1. At a 1.4 Å probe radius, carbon and sulfur cover how many percent of the accessible area of the stretch 1-58?
2. Give me the one-decimal Kirkwood hydrodynamic radius in Å for the stretch 44-149, with the sum taken over alpha-carbon pairs.
3. So what is the relative contact order of the stretch 17-58, in percent, for Cα pairs below 8 Å that sit 6 or more residues apart?
4. Work out, step by step, the length gained on full extension between E155 and Q235: first 0.36 nm times the residue separation, then minus their alpha carbon distance; give nm to one decimal.
5. So if the hydrodynamic radius of the stretch 176-240 is defined as the Kirkwood radius over C-alpha pairs, what does Stokes-Einstein give as its diffusion coefficient at 20 °C and 1.002 mPa s, in µm² per second?
6. Counting each DSSP H run of 4 or more residues in the chain as -39500 (n - 2.57), what helix-only mean residue ellipticity at 222 nm follows after dividing by all residues, to the nearest 500 deg cm²/dmol?
7. Distance between the C-alpha centers of the stretch 177-244 and the stretch 124-140? Whole Å please.
8. What does the charge count near I184 come to, summing +1 for each Lys or Arg and -1 for each Asp or Glu among other residues with Cβ under 13 Å from its Cβ?
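The values are calculated or read from the model by the stated rules, or taken from the named source; none is laboratory data. Since the structure is predicted, the reported quantities are computational estimates derived from the model, not experimental observations. Neighbour counts run over all protein chains shown; Cβ positions are idealised from the backbone, glycine included. Please note that ligands, DNA and RNA were not included when accessible areas were found on the heavy atoms of the full protein model with its side chains. Shrake-Rupley method; radii C 1.70, N 1.55, O 1.52, S 1.80 Å.
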Amino acid sequence: MPELIINGPGGRLEARYHHENNSDSPIALILHPHPQLGGTMNNQVVYTLYHTFAARGFSVLRFNFRGVGRSQGVWDSGPGELADAASALDWLQLVKPDAKTCWIAGVSFGTWIAMQLLMRRPEVDGFVCVAPLANLYDFNFLAPCPSSGLLINGELDRVVPTASVAEMSVKTKVQRGIKITHEIVPGANHFFENKTEELGNVVGKYLDERLIQFEEDRERNKERERERERERQRQREVERMEAQSGPAPGAGADASDDSDDE
């Protein structure tokens, strides 16, 4: 994972990128915890998410928000960090323009930025929010949430009680066909100390299920499009046959002449 530098709105952004050679490989962007509380792209939960996505054939990008590590700029209390995330997603989409699906994941503070980006980018098909700060930040902008996704927290999280995350999952308005799933990792705290393997298993299982569903939906859509094309071909064939079986040239004039003779 060589060091990568991305041009961001506030200066250069330090990043790491896992690349899949398949042109249509899915893509995922991972956002780290609060920069002023020690959050970086090398956070153990971010690292776990990064490799969980990569193990499933995703091209994955994680980066440091402005002012963190070797990223330029200064902390901006949210707006600047959202702009950083948008620039990172732009870069990822330029590298993988044919990606068959696009995901975003966040950890703690990163979930707040991730969900704001989700609302602005309709191409995002799914999300994973780990330890979302449901009791500290306002998520009411998810009205409705445009994509299905996973909310996951630790059973022993003292920063964000499970009840707050559960309430967020229930109160989040969704469109038809959109589902918010809430999972709890037993014995895990806010930082998932000694529980990252369990976290990776839960997220991995969810991704596996969603990717299978995505492929099934894609095949159904392809079959519907093939059927529509067959119907268009049938209609063109009917129109061609009708054109060929029309009245012979001069038939109308002959009929007129016969009536005049009578």
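1. Taking all protein chains in place, the stretch 1-58 shows 44 percent carbon and sulfur surface.
2. On the way: mean 1/r = 0.0695 Å⁻¹.
Result for the stretch 44-149, one decimal place: 14.4 Å.
3. Computed over the stretch 17-58, the figure is 48 percent.
4. Gain on extension, E155 to Q235, equals 22.8 nm.
5. 136
6. Taking each H run of at least 4 residues, the total per residue is -14500 deg cm²/dmol.
7. With the stretch 177-244 and the stretch 124-140 each reduced to a Cα centre, they are spaced 22 Å.
8. With Lys, Arg at +1 and Asp, Glu at -1, the net is -3.
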